[in-house]
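Below is one structure, written out as structure tokens; the observations come after it.
Taken together, the values in this text are just the output of simple stated rules run on the coordinates, not laboratory data. These numbers were taken from a predicted model, which means no experiment stands behind them. For neighbour counting, all protein chains shown are included, and Cβ atoms are generated from backbone atoms with ideal geometry for every residue, glycine included.
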Amino acid sequence: MSEGSTAGTGAVHAPGAPAEQELHLTPSGSPRPDEPAVEFVGVSKRFGEGAGAAFAIERLDLSVRSGELMVFVGPSGCGKTTSLRLVNRLIEPTGGVVKVAGRDVMTVPPARLRRDIGYVIQQAGLFPHRTIAQNIATVPSLLGWSRTDIDTRVEELADLVGLDRALLSRRPSALSGGQQQRVGVARALAARPSVLLMDEPYSAVDPVVRAHLQDELLALHERVGTTILLVTHDIDEAVRLGDRVAVFTTGRLAQVATPDDLLAHPADAYVEHFLGGDRQLRRLALRDARDLVLGPLSPSLDRQLAAGTVVEVPVEMTGRNIVDAMLESGRTIAVVVDGDRRLGTVTLTELTDLLHLR
Amino acid sequence: MSGPVEFLTTAANWAGNDGIGARLATHLWVSVLAVGAAAVVALPTGIAIGHTRRGRDLAVAVTNLSRAVPSLAVLAFVVAAGWGIGFVPTWIAMFALALPPLFVGAVTGVSEVDPAVVDAAVGMGMSASQVVRSVEIPLALPLVVSGLRVAVGQVIATATLGAFVGYNTLGRFITVGRANGNDGMLYGGVVVIVALAVAADSALQRWAKTLRSRR
Amino acid sequence: MIAAIAAQSGPVEPLIRWRWVGHHLDDLRERALEHLWLTVAALLIGVAIASLLASVMRRWRWTAGPLTAATTILYTIPSIALFAALLPLLGVGYAVPIIALSTYSLVVLTPFLLAAFDDLDPSTLEAATAMGMTPVQRWRRVDLPLAMPTIVAGLRVTTVTIVGLVTVGGLFGLGGFGDFIDDGLSRDFSTPIVLGVVGSVVIALVADLMWVVLGRAVAPWQRDRDRRSP
């Protein structure tokens, strides 16, 4: 954590050249595709000493694939936030190894490590004395990017997270909670980190804004493809956002699975209880109507529609909405439409089968 | 340093009109009168402004600016203006000194009461005066008391200045001791003043602590 | 009203004799400069020692209790008592005012410096660390600027306190505008008293306003919350 390491980093980059590639922790510049982006190998963390010591995490093994959005979920005190903070060395492990892009984080100087890992927290943690643009530019300026590169990048990021450029010259206090959270994400992504850590990013914003931000995060993840580790206590958020979900119970992992798998096959009673009710309906909610179109458009469809024996559903709906439309209309066949175009049909039986496919 | 010990342990130095007892009484008398009068003026206005929050920032800003005026300047001005010597300038200067901390304590104390609590009180049907009396004042009390603590501390320390305008506070031992080259008297006086200031401060601190623990 | 009282007390001594003032302009300038430099010197020494104390207290937490107690006791010593106590030891000269004033300045300033850094939002600081700032970078770019408003508030209170105390020192012939007041009181002559009063009040108000302006300048991101502890 010495100034020396910083000076070293600065000296490597020719001024004016955004040399973020050099920053990446792997020698080759970009991680091998098969290499886990983040890996926990037998990681333990104990707080306190002697008899009063308590394990926050005990022998955690987990690997996060490159480009994956992994969600850590669990009740408070389960060790999920501790696990996240081990990745950027805000906490150091008592035992085991945490690797980022194949390298033990304990072998990388913390400041250097952290500049390659984005970090977003609940209240956004923006610097109140700096403008939005300066906030976003924090890591690039630490890395010694040129003025013009920084300005370009800041505007690019504002567009990426859907922030009005006019706000860039304002200070955080002038922004709403949702806008601050967007800035937090932009700031974390500024130097194209190899991993993005998000600690309860949306628990301080109201439900409507939260839903928006969640959608934006999914779209953003699709576009930039950064590996994301997100901590939440909200199982709905976990299922909604995660490519995979790691369910924590005090200090250990109860289950790691895709949201669908998790809802379909909870590993034990604890996970089942934590997931709550409506599991099958929630599985359907994870699927877009477009992916559910199973049957072809039969020639008799016009007739059936006229007779009212099928129900029409728009393509924006999820499987769950379709079931609801069926229940409401009393029909068991739905035809999915995109504007004027009919995409295909799906039946209640097909939906039921789908849930039991595995 | 046998001087001050000797001065303080000589019984004759405690008795009589020029004695430690009489000057201690004078010192306390002007302090109490000044702080009391300042409280009568500052607390109701401070509570009213804190309650309505109208003109609060301006009032606090002006008050803080007034703190820049040195007490000695007030004291000396009163004498120069010919309004009197002795008690009058001392009392006026001490009154002016006690006013700002008491006022700011009351204003911030009342205006920083959690709005949700006030809301709840109004929602339960309390009138404005009931809200002030049974919610805002009790909750503001710790800050009011810390304002009082500052006021008392400053006044007791500064009332010493009265000796320079012919008022026989404890400061008299300093002026007389200095004039006569009597270091025993000078240091003795210093000891008594410090002891009084420390005693008053710790008493008020203890009171403030009980108030806080009672919440 | 002043006139009425003056009239009752017989021969009319005006509040201020301008001719006397005219004859003492050099004196006035000298006292003003003396008042200023005593204030600045005490402030600088106070800032240096208070910074050291606050750093020690933040670095080694266990020292905070005893050190705070010590400064609190120092603060309860009335300034006149301190001047009077130091005088026989050090004699007339600048040593007494400098030592006494520096003591008060560090006593007033230290709690502000402590609070300035202790009250920073931990999540903001953690964000800075998590973004890869070294401790030195974080201190320069985040901690210090965010602590500035409280530090300036502390400097404001300290400056005003010292300006007032320099005046008190004048009663012991230690320089500054207080010398005029001492002179006036000792021979019941209002002109120098008024000069001393006006001089010290002007210096105090100007210094106070200067810090208010500076406080706004160092913290453009927050509306000036002009609140001192009562």
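Structural remarks
- Summary of the geometry: segment B:1-72 and segment A:242-291, compared by the centres of their Cα atoms, lie 69 Å apart.
- Residue-by-residue Karplus 3J(HN,Hα) for segment B:138-146, coefficients 6.51, -1.76, 1.60, Hz, glycine and proline x: x, 6, 7, 3, x, 5, 4, 5, 5
- Normalising by residue count, chain C has a Cα convex hull of 164 Å³ per residue.
- Computed over chain A with a Gaussian network model linking Cα atoms closer than 10 Å, the most mobile of A:ALA264, A:ALA325, A:ALA137 is A:ALA325.
- Residue-averaged [θ]222 nm for chain A, counting only DSSP H segments that reach four residues, each worth -39500 (n - 2.57): -10500 deg cm²/dmol
- Calculated [θ] (222 nm, deg cm²/dmol) that DSSP helices of n ≥ 4 give over chain B, each run adding -39,500 (n - 2.57): -25000 deg cm²/dmol
- Across segment B:198-208, coupling constants 3J(HN,Hα) worked out from phi with the 6.51/-1.76/1.60 Karplus curve, θ = phi - 60°, read 5, 4, 4, 5, 6, 5, 5, 5, 4, 5, 4 Hz, and Gly and Pro carry x.
- DSSP-defined antiparallel bridges as percent of all bridges, the protein assembly as shown, nearest 5: 55
- Working from label points 7 Å from Cα in the Cα-to-Cβ sense, the A:SER146 to A:SER44 distance is 5.2 nm.
- The slack between A:SER203 and A:ALA307, meaning 0.36 nm per residue of separation minus the straight C-alpha distance, is 32.7 nm.
- For A:ALA254, the residues whose amide H sits under 5 Å from its own are A:VAL247, A:PHE248, A:THR249, ignoring neighbours fewer than 5 places away on the same chain, with H placed 1.01 Å from N.
- Amide H contacts under 5 Å for A:GLN123: none, restricted to partners 5 or more places along the chain or on a different chain, H placed in the peptide plane at 1.01 Å from N.
- Net charge, A:VAL161 excluded, C-beta distance under 11 Å - Lys, Arg +1, Asp, Glu -1: -1
- Other-chain or far-sequence residues with amide H under 5 Å of A:VAL231's (modelled H): A:PHE72, A:MET198, A:ASP199, A:GLU200
- Taking segment A:176-206 and a reference point 7 angstrom along Cα→Cβ of A:ARG170, the backbone N atoms nearer than 18 Å belong to A:176-187, A:205-206.
- Averaging Cα coordinates gives a centre for segment C:16-72 and one for segment B:137-215; these two points are 22 Å apart.
- FRET efficiency, A:ASP159 to B:ARG212 (Cβ-Cβ, R0 60 Å, nearest 0.05): 0.70
- Hydrodynamic radius of segment A:224-305 per Kirkwood, over alpha carbon pairs, in Å: 14.9
- Separation of segment A:50-69 and segment C:142-165, taken as the distance between their Cα centroids, equals 45 angstrom.
- Electrostatic tally near B:ALA68: other residues with Cβ closer than 11 Å to its Cβ, Lys and Arg +1, Asp and Glu -1, net +1.
- Per-residue HN-Hα couplings for segment C:39-54 [Karplus 6.51, -1.76, 1.60; θ = phi - 60°; Hz; x = Gly/Pro]: 4, 5, 4, 4, 5, 5, 5, x, 4, 4, 5, 5, 4, 4, 4, 5
- At an R0 of 35 angstrom, the distance between the Cβ atoms of B:VAL117 and A:ALA54 translates into a FRET efficiency of 0.45.
- With R₀ fixed at 41 Å, the C-beta to C-beta distance from C:ASP188 to C:ALA69 puts the FRET efficiency at about 0.40.
- Spin-label model, C:ASP118 to B:TRP29: label points 7 Å out along the Cα-to-beta-carbon direction sit 4.2 nm apart.
- Working from Cα pairs under 8 Å separated by at least six residues, relative contact order for chain A is 17 percent.
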